[in-house]
1. Which numbered condition in (1) modelled with pLDDT of 95 or more; (2) under 28 Å from VAL111 (Cα atoms) is the only one that LYS96 fails?
2. Answer yes if at least one residue in the stretch 338-356 is more than 16 Å from the ligand (Cβ to nearest atom), crowded, with 21+ Cβ neighbours inside 10 Å and of a type in the set (Ser, Thr, Tyr), and no otherwise.
3. Against the definition (within 16 Å of the ligand (Cβ to nearest atom) and not basic (Lys, Arg)), how does GLY261 come out, yes or no?
4. Would you check if there is a residue in the stretch 88-106 being within 16 Å of the ligand (Cβ to nearest atom), part of a strand (DSSP E or B), over 19 Å from LYS212 (Cα atoms) and among the hydrophobic types (A, V, I, L, M, F, W, C)?
5. Of all residues in the stretch 161-174 being without any contact (Cβ under 8 Å) to a residue 60 or more places away in the chain and more than 18 Å from LEU110 (Cβ to Cβ), which is nearest to the ligand (Cβ to nearest atom)?
6. Mind telling me which of the residues ASN196, ASN160, ASN174 ends up being closer than 14 Å to LEU119 by Cβ and of a type in the set (S, T, N, Q)?
Amino acid sequence: MACCKENERTDFDDMAESDPFKKNAPIRKKGLFGYGVSYNNPASWTDWYKPGAYSFLKMKLTEKNEAGIPNEEVLNRELPVHKLDEEGKEKLKNPKVPIQFMWIGHATFLVQFDGLTVLADPVFLERCSPVQFAGPYRYRPVPCEIKDIPKIDAVIVSHNHYDHLEHDAVEKLNTKFQDIKWYVPEGTGSWFERYNCQNVKEMTWWDEDDVKIGGKEVKFCCVPAQHWSQRTATDAMKSLWCGWVIKSKDSHTFYYSGDTGYCPVFKTIGEKYGPIDLSAIPIGCYAPRYFMKPQHINPEEAVKVHTEVGSKCSVAIHWGTFNGLGSHEFYLEPKTLLEKAVSKAMEGNKNFGKFSTVEHGAIIPIKSNQDTTNDSKDDDGAKL
Ligand SMILES: [Zn+2]
């Protein structure tokens, strides 16, 4: 018997190790006396550690914030914001290109393809904080308010940190677009229900949801990311974090990595869902590395993510918007380092595609089957 049990265990372990979906599944633990649940990144992601109190203290006491946010005039030149005007609203209402992307700021963006309009990680207020008199502040304004956005079919949420999820935005969205579908990671559904959201779909990594939106078949897929969650003093890791893949049937595929450290899952995501036409990948909030590395990729790692998922075209997000998020890099450094990392990666790799920053509020047309030799330009001159 002992021998058989031994064999069964080995077979199961072998299977778990060779099955990329089991190997890249979140750890889900019941709390004391079976009360509550907590999550963690898979044990096989050996670079993961939750940044502890010691490194937080070290960062607070020894690191200088090098953000160096300049005055308004310089900001308007370096990080122009395209306010959504009537022409822009018309473009959002009736997209004339296969895929369209608008960066609202930090991790909030709008992506449109195949008749579908999706908003990610809705944050519109001045501060991403539990209160509006303190906490990280916006140094680049939003290009539009929720009332200006003509349509939204679905909202995808990567996790519950304040720079990704805001109750005010959720309430406004819920009032304006009552049919909205909310795709949220496991453990966050009850938070949305508090704000009377209907159609809330809680999902865990590798879950898929097939829906029909505007007569078109679309698949929303919850995919792994190396991060963590916390919204209050007592709820750390009590809900999941994730990335999202959205596949419209027989047409385009979009990928949002969510906040993530570099981990060994991106190739699997690309193999399962590729080819990916467009990705949104974070490039900022990476310094100092001893604190940020497990939770936020830097531009060089972002380029690795783009390559490993096999993205034809990627847009850089999670930078250039808020000051005081805890990271200390110069405000334009993510852009400069991305440009360097992209040129390096393109040497000898004709299939690299595109990976670039975009300007706040610029409505960016993305070509289907991205031609890597031609730049896409929108009317505002913002190019990808
Ligand atoms: Zn974030």
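1. (1)
2. Within the stretch 338-356 (the criterion being more than 16 Å from the ligand (Cβ to nearest atom), crowded, with 21+ Cβ neighbours inside 10 Å and of a type in the set (Ser, Thr, Tyr)), the answer is no, since none of the residues qualifies.
3. Taking the combined requirement at face value, the residue satisfies it.
4. Looking for residues that are within 16 Å of the ligand (Cβ to nearest atom), part of a strand (DSSP E or B), over 19 Å from LYS212 (Cα atoms) and among the hydrophobic types (A, V, I, L, M, F, W, C), one finds at least one in the stretch 88-106, hence yes.
5. HIS167
6. ASN174
For (1) in contact with a His (Cβ under 7 Å, 6 or more places away or on another chain); (2) touching a residue at least 40 places away in the same chain (Cβ under 8 Å); (3) within 14 Å of the ligand (Cβ to nearest atom), each residue gets a yes or a no:
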| residue | (1), (2), (3) |
| --- | --- |
| ILE283 | yes, yes, yes |
| PRO294 | no, yes, yes |
| THR307 | no, yes, no |
| GLY310 | no, yes, no |
| VAL315 | no, yes, no |
| TRP319 | no, yes, yes |
| ASN323 | no, yes, yes |
| GLY326 | no, yes, yes |
| LEU332 | no, yes, no |
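One line per residue, one yes/no per condition, for (1) surrounded by fewer than 24 Cβ atoms within 10 Å (Cβ to Cβ); (2) of a type in the set (D, E, K, R); (3) out of contact with any strand residue (DSSP E or B) (no Cβ under 9 Å at 6 or more places or on another chain):
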{"position": "ASP250", "(1), (2), (3)": "yes, yes, no"}
{"position": "SER279", "(1), (2), (3)": "no, no, no"}
{"position": "ILE283", "(1), (2), (3)": "no, no, no"}
{"position": "TYR286", "(1), (2), (3)": "no, no, yes"}
{"position": "ILE297", "(1), (2), (3)": "no, no, no"}
{"position": "GLU300", "(1), (2), (3)": "yes, yes, yes"}
{"position": "HIS306", "(1), (2), (3)": "no, no, no"}
{"position": "GLY310", "(1), (2), (3)": "yes, no, no"}
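The values are calculated or read from the model by the stated rules, or taken from the named source; none is laboratory data. Nothing here was measured: the structure is a model prediction, and the numbers come from that model. Positions of Cβ are generated from backbone atoms using ideal geometry, with glycine treated the same way; all protein chains shown enter the neighbour counts.
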